[in-house]
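One structure below.
The values are calculated or read from the model by the stated rules, or taken from the named source; none is laboratory data. Only a predicted model underlies this, so the values are computations on that prediction, with no experimental measurement involved. Every residue, glycine among them, receives a Cβ derived from its backbone with ideal geometry; neighbour counts consider all protein chains shown.
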Amino acid sequence: MLHTTKQGRNRWEFPGGAVDAGEDITTAAVREFREEVGITIYEPLEFVREDTLFIDGDNWEASFLYASNWVGTPTVMEPDKSAEVRWVNLEEMAQLPQIPFLLLDVARKFSGYYMYGACDGL
């Protein structure tokens, strides 16, 4: 989980971000993981679920993927946006402030995998 602190936030999330122009969701996941936590993930990534989420006053289309093939040590790569990255078990995750809370549901179903959340504003 990544402790997001940008713009005064205090929440734990899966690494992720926006899909850039010309990218597909898999390419975005690989890029965002490398940028945010210094992990290289390899395809194939598997689709977990999609949802429309209401976060920070806006609706977001979110897609969640998981990867089982990766290398590296999780490290905060963007200290201006995140304070900490760490492994947590499901019980610890349930106690952390999260947006969206459905991350816990996703993690319960696919525990043991790196998770990626991609959001595009509507």
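A few notes on this one:
- Failed criterion for residue 28 (all others in (1) of a type outside the set (Phe, Trp, Tyr); (2) in contact with a Pro (Cβ under 9 Å, 6 or more places away or on another chain); (3) over 21 Å from residue 97 (Cα atoms) hold): (2)
- Some residue of the stretch 17-35 being in contact with a strand residue (DSSP E or B) (Cβ under 6 Å, 6 or more places away or on another chain), surrounded by fewer than 19 Cβ atoms within 10 Å (Cβ to Cβ), assigned to a helix (DSSP H, G or I) and among the aliphatic types (A, V, I, L, M): yes
- Taken over the stretch 61-85, the criterion of being under 14 Å from the mean Cα position of the chain (by Cα) and assigned to a strand (DSSP E or B) is satisfied by 61, 62, 63, 64, 65, 66, 67, 82, 84, 85.
- Scan of the stretch 45-93 for residues that are among the basic types (Lys, Arg) and out of contact with any helix residue (DSSP H, G or I) (no Cβ under 8 Å at 6 or more places or on another chain), ordered by number: 86
- Looking across the stretch 36-52, the residues that are in contact (Cβ under 8 Å) with a residue 40 or more places away in the chain and part of a strand (DSSP E or B) come down to 41, 48, 49, 51, 52.
- Sub-7 Å Cβ pairs linking a first residue in the stretch 7-27 that is touching a residue at least 40 places away in the same chain (Cβ under 8 Å) to a second residue that is of a type outside the set (A, V, I, L, M, F, W, C) and assigned to a helix (DSSP H, G or I), at least 6 apart or interchain, are 15/32; 15/36; 16/32; 17/32, ordered by first then second residue.
- For the stretch 44-58, the set of residues classified as over 28 Å from residue 79 (Cβ atoms), of a type outside the set (A, V, I, L, M, F, W, C) and out of contact with any Ser or Thr (no Cβ under 6 Å at 6 or more places or on another chain) consists of 44, 46, 49, 51, 52, listed by residue number.
- Every residue from the stretch 51-71 that is more than 26 Å from residue 10 (Cβ to Cβ) and either modelled with pLDDT under 85 or surrounded by 13 or more Cβ atoms within 10 Å (Cβ to Cβ) (or both): 67, 68, 70
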